[in-house]
Number of protein chains: 4
Amino acid sequence: MIRVTIWNEYEHERNIPGIMAVYPEGIHGALKKNLDPEEDMIVRCSTLDDPEQGLSEEILADTDVLIWWSHARQDDVTDKTVERVIRHVHSGMGLIALHSAHFSRVFRRLMGTPCTLSWKHGDREKLFCVEPSHPIAKGIPACIELEDEELYGEPFSIPKPDDVVFMGWFEGGAVFRSGCTFTRGYGRIFYFQPGHEENRVYDHPDIRRIIVNSIRWAAPSVRLAAPPDNVELG
Amino acid sequence: MIRVTIWNEYEHERNIPGIMAVYPEGIHGALKKNLDPEEDMIVRCSTLDDPEQGLSEEILADTDVLIWWSHARQDDVTDKTVERVIRHVHSGMGLIALHSAHFSRVFRRLMGTPCTLSWKHGDREKLFCVEPSHPIAKGIPACIELEDEELYGEPFSIPKPDDVVFMGWFEGGAVFRSGCTFTRGYGRIFYFQPGHEENRVYDHPDIRRIIVNSIRWAAPSVRLAAPPDNVELG
Amino acid sequence: MIRVTIWNEYEHERNIPGIMAVYPEGIHGALKKNLDPEEDMIVRCSTLDDPEQGLSEEILADTDVLIWWSHARQDDVTDKTVERVIRHVHSGMGLIALHSAHFSRVFRRLMGTPCTLSWKHGDREKLFCVEPSHPIAKGIPACIELEDEELYGEPFSIPKPDDVVFMGWFEGGAVFRSGCTFTRGYGRIFYFQPGHEENRVYDHPDIRRIIVNSIRWAAPSVRLAAPPDNVELG
Amino acid sequence: MIRVTIWNEYEHERNIPGIMAVYPEGIHGALKKNLDPEEDMIVRCSTLDDPEQGLSEEILADTDVLIWWSHARQDDVTDKTVERVIRHVHSGMGLIALHSAHFSRVFRRLMGTPCTLSWKHGDREKLFCVEPSHPIAKGIPACIELEDEELYGEPFSIPKPDDVVFMGWFEGGAVFRSGCTFTRGYGRIFYFQPGHEENRVYDHPDIRRIIVNSIRWAAPSVRLAAPPDNVELG
C-alpha cells in the first residue's frame, strides 16, 4: 500500500466565495475523493493550520508520497517545516508539487533555483505528452485539452529536469514545461502545472490519471531512516 | 578561423516558382550571405548534385561545422555519403541540422530514433528561449515572433537532448522543442526548427544570430583523424 | 506477463573448450535458468544460427523485452535483422544489451555513436550503485564485488545516458559507466557491462537481480504496431 | 576580462603546520599565482575572516566567476552570506566549487540534495576525461595521474549533473563523479573534486588548466541586476 498525504494550505477555498463554490471540500478534499478508489493507496489530508503545520514528524514518517498545493501563504511555512519535509524527501519520500507549488519554499529549496515563471489569468491549455513511454504517461492521450486554466509560461527557472513528460501550450501565447521529474537524495519529485483554484481541473479524468500515475512512480523502493551522510571508509 | 560548409539539397529553389522567388540564390546562398560578415568564419557551399553529393572526403576534412538543409530529396543521399558524414561528426565536425533536416538520413542515424513529428503548413510561431545562459542564446531575446512559419509539433521522436535551448509555440495549437543540442562521439550537433522554404526566415536578425552562435558553439576544440576505436590496454 | 526473449550469438560456448565448461548450456541457457523462477515472465531463447537469425518478425512481435549477448559475430547480423530489431525497439520493445553487446550493430545504431571503449582481460571489479532510488537498483547493495571480470574502461563513446545507475571500478585502473539507460522511440534500453564469457557472473545473485529489475523496467506500457510516423495535422 | 574572485575559508593553512608548509601563501594564494598569467582574467582573493565574510555585495557584484574552497568552517558561513552568494549565482555569476566545497552551505543549497559522499585519507587517483569535447576538457589528456589525493567515493548525493566531464578512479577502491557541471538560474556551476589541502595538487599543470577552462566556461554571457522574478503577462 502507498501511504499518500495530501497537504493543502487551504486558504482560498475558505475565504474567496467563487473558489469555495468550485472546491467546497477544499482542493485536498477533491484530490482525496479522486484517489480514494485506488486500491493500492491509503490517502489522508492535512493542512497548514493543523498542528505543526500539518507536517509533523509522525505524519511525514508515515507518508510515502506527499502531494502539495499552496499559493497565498507560501511564506507562512516555517523554516522548521521546510527542513523536516526536505529531510524526508532526501530519505526517500516522494513529492508531487502541484500548480502554484512551483513557488513553495519546499520546492524552491529542493530545486536550488528561483523557480519563477510568467503567468496570466484565464486561458486555454493544450497539454502535450512528450515522453509517451514514461510511467507517468501510462494511458494518457497525446494531447489533453483544458478549457479553463491559468497560463504559466517560460522561462521557468528550474534546473534541467530528469524528464519533461508534458509540455503545455497556452492560447494566450506561451509554452511551459508542465510535467517534470527530479530526483533529490532518495526522493522522487514530480512537478505538475495544471490546477488553478478557479476551475475544477483535478476532476478531469486524464489529470486524475496523471496524478495517480505520478504517485505510483514517486513511491519509494527504499526509505531511509535519515538522509544519507558522509561516510569515512575504514 | 571556423571553416563552415553550408550543404543544401537545392531542389525547391530550382523547381518551384514561388520558392525561387523567396530564395533566388538558394537557401545556401542566403545563409552564406548572412554568415560572410563574420570575421572568424570562412564559408563555402555545396549541394546534392555536386560531385560525391557535395560531401566528398576532401570537403568534410576541410569543414569544422557543417550546416544541413534538406527536404524533398532526403532519400537520394546515399549510404556512402551518410557514412562519410557520420564518421566526420564522430571525429569532431559540428553539425547544424535545419528545419526539415530532422528527417534527413544523417540526422536520424545520429539520433537512433524515428525523428518524426506533427506538421502543418502556414502558421505563426513564437520562439521562446528556455536556457538563457546557453552560449547559443547569447544576445537573443526571451521571445522571437515569426509571422510565417510551418508548424512543427510534438511528439518529436528524438532522444533526450543535452539541452533544449528554444521551445516553439504555434498559433495553430502546437509546441515543439525547436532548438536542441546533442553530442555524438566528438561532434556537437544543434537541431534548429525554423526555416520553412516558403518564407525568408533566415534573414531575421535573431534567427541569423542563433545560427552564428550555434556555429561557434559547435566548432570543435578537438578534431580527430578518425572516430574513436576500441583500445586494448597494455 | 512479460514476454522475454534471450538472444545469443552462441559462438564461444560451442567452440572454445574453456568457455564450453563455463556455460555448457550457452549464456542464453544460463540466463534463462535464472529468469525462469520469475512468475511475471515467460522466457524463451533464440540464437544467431536459427532461421531469420533468431529474430523473425513473429518472434519480435511476441517479445516485450529482448536480451542481447554478442561478441565474435557482431558483423554477421544482417542489415535486415538490424532494421527489424530497431523497428520493434522504436515501437516499444525493451532491449537489455549485455557486456560486449556495446559493439553490436543494433546497439550502435540505436546510440548513433561509435560505442567504443578500453578493455583488458582478467581483472577485478567493484560495481557501485550511483542511483539507489532507480527501479533497476531495487534491492541492490551499494557495492557488488566481482572477482573475475573483464576490464571495460572510459572513454565509452555513448550519448549522454538518461540515467547512469551503476559505475564500475576496476583494479587494473579504470572506471566505466557500467549500467546505463536510454530511450529510443517508445523503447527503453538498458546497457549492462558485466558478463564476460570466461566467468559465470550471471549466476551472481545481485547481477541476476539487476537483470530481473531491468526487464521489469524495460517492459513497455505502450506497444505500437509500428514506429511513430510524421503526421500532417488537419 | 573575466573578473575572478578566489574565496577561501583559510583555516588549515594558518593552523596546521603540515599544511602551512604545503600552502604557505594559502590555497587562495596558490590558485591566484596559477591564474595570474591568464591575460583574459583579473584575479583577486578574499577569505572568511574578511569583512562581511569576504563576500560583500560589492565584491560579488564585481565578480564574474567565484572560486570556492572550504572545509573546517563550513558552518561559520552565515545565512546572510549564503543568500547573497546564491542571489548572485542566480543572476549569472559563475561558481567553481573545489574539493570539500561539496559540503559547503552554498553548494548544498544550490543542489537541493545532501551532497554527501564516502572518503578516506591518503590515496592515489586517476582522473578520466569522459566528455572530451566539453570546453572544460580542452587540452586535457584522457587520464591524469595524481599520486597523492584524498579518496572521494560514490554514492555522491547530487542531482543529475548537466555534464559529467571527469570521473575519478581511486586505488583504494572507489569511483567518483569528479568534474560535474550544473546550471542554477543564470549561473553556471562546476564542481571539481581534486584539491586536498595536504598535497599541492593545484600546481599540477593539467589541474591548473582544467580550472582555467572552467572559469572561461562559467563566465556569464548575461549578468542580471537581480535574479529572475515571476512576471505577470499583460
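Worth pointing out:
- Residue satisfying condition, being assigned to a helix (DSSP H, G or I), of a type in the set (Gly, Ala, Ser) and touching a helix residue (DSSP H, G or I) at 6+ places or on another chain (Cβ under 6 Å), within set D:Ala30, D:Ala21: D:Ala30
- Looking only at residues in the range C:1-49 that are aromatic (Phe, Trp, Tyr) and under 17 Å from the mean Cα position of the chain (by Cα), the one that is least open to solvent (accessible area, probe 1.4 Å) is C:Trp7.
- Among the residues of the range B:180-197, at least one is in contact with a Ser or Thr (Cβ under 7 Å, 6 or more places away or on another chain) and at positive phi.
- Comparison of B:Pro228, B:Pro194, B:Pro220 shows that the only residue that is of a type outside the set (Lys, Arg), in a loop (DSSP other than H, G, I, E, B) and out of contact with any strand residue (DSSP E or B) (no Cβ under 7 Å at 6 or more places or on another chain) is B:Pro228.
- When the helices (runs of 4 or more DSSP H) confined to the range C:49-163 are screened for residues that are out of contact with any His (no Cβ under 7 Å at 6 or more places or on another chain) and free of Cβ contacts under 8 Å to residues at least 12 places away in the same chain, those reaching at least 2 such residues are found at C:79-91.
- Taking the criterion of being touching a helix residue (DSSP H, G or I) at 6+ places or on another chain (Cβ under 6 Å) and of a type in the set (A, V, I, L, M, F, W, C), the residues of the range D:60-85 that qualify are D:Leu60, D:Val65, D:Trp68, D:Trp69, D:Val77, D:Val82, D:Val85.
- If you go through the range C:164-175 and pick out every residue that is outside any strand (DSSP E or B) and touching a residue at least 24 places away in the same chain (Cβ under 8 Å), you end up with 2.
- Meets criteria (basic (Lys, Arg), surrounded by fewer than 18 Cβ atoms within 10 Å (Cβ to Cβ) and over 19 Å from B:Arg124 (Cα atoms)) for B:Arg216: yes
- Just one of (1) away from every other protein chain (no Cβ under 11 Å); (2) open to solvent by 40 Å² or more (accessible area, probe 1.4 Å); (3) assigned to a loop (DSSP other than H, G, I, E, B) fails for B:Arg208. It is (3).
- Residues within the range D:62-79 that are open to solvent by 10 Å² or more (accessible area, probe 1.4 Å) and either at pLDDT below 95 or under 18 Å from D:Ile215 (Cβ atoms) (or both), tallied: 2
- Screening the range A:156-172 for residues that are more than 18 Å from the chain's Cα centre (by Cα) and surrounded by 21 or more Cβ atoms within 10 Å (Cβ to Cβ) and picking the one that is nearest to the other protein chains (Cβ to nearest Cβ) gives A:Trp169.
- Scope the range D:50-60; condition in contact with a Ser or Thr (Cβ under 9 Å, 6 or more places away or on another chain) and exposed (fewer than 15 other Cβ atoms within 10 Å of the Cβ); matching residues: D:Asp50
- Here D:Lys138 clears all of (1) more than 15 Å from the chain's Cα centre (by Cα); (2) over 14 Å from D:Ser214 (Cα atoms) except the condition numbered (2).
- Taken together, B:Leu151, B:Leu146, B:Leu95, B:Leu127 contain a single residue that is facing another protein chain (nearest Cβ under 8 Å) and open to solvent by less than 20 Å² (accessible area, probe 1.4 Å), which is B:Leu151.
- Verdict on A:Trp119 being modelled with pLDDT of 95 or more and open to solvent by less than 20 Å² (accessible area, probe 1.4 Å): no
- Counted residues, the range D:176-191 - those being part of a loop (DSSP other than H, G, I, E, B) and either more than 14 Å from chain B (Cβ to nearest Cβ) or surrounded by fewer than 24 Cβ atoms within 10 Å (Cβ to Cβ) (or both): 0
- With respect to the stated conditions, D:Arg109 fails to be open to solvent by 20 Å² or more (accessible area, probe 1.4 Å) and either more than 9 Å from chain A (Cβ to nearest Cβ) or closer than 10 Å to D:Phe166 by Cβ (or both).
- A:Pro141 meets all of the listed conditions (1) closer than 26 Å to D:Glu232 by Cα; (2) at pLDDT 95 or above but one, namely (1).
- Scanning the range B:51-70 for residues that are of a type in the set (Asp, Glu) and within 23 Å of B:His196 (Cα to Cα) gives no hits.
- Only a single criterion out of (1) out of contact with any Phe, Trp or Tyr (no Cβ under 7 Å at 6 or more places or on another chain); (2) of a type outside the set (Asp, Glu); (3) within 28 Å of A:Leu224 (Cα to Cα) is not satisfied by A:His71, namely (3).
- Criterion violated by A:Ala101 - all others in (1) over 15 Å from the mean Cα position of the chain (by Cα); (2) open to solvent by less than 20 Å² (accessible area, probe 1.4 Å) satisfied: (1)
- Test: residue in the range B:105-128 that is within 11 Å of the chain's Cα centre (by Cα) and over 24 Å from B:Ile2 (Cβ atoms): no
- Tally, over the range A:179-193, of residues that are under 19 Å from A:Val130 (Cα atoms) and in contact with a Leu (Cβ under 6 Å, 6 or more places away or on another chain): 2
The values are calculated or read from the model by the stated rules, or taken from the named source; none is laboratory data. This one's a predicted model, so the numbers in the text were calculated from it and none came from an experiment. Glycine gets a Cβ as well: all are built from the backbone with ideal geometry, and neighbour counts include every protein chain shown. Surface accessibility is based on the protein's heavy atoms, side chains included, excluding ligands, DNA and RNA. Shrake-Rupley method; radii C 1.70, N 1.55, O 1.52, S 1.80 Å.
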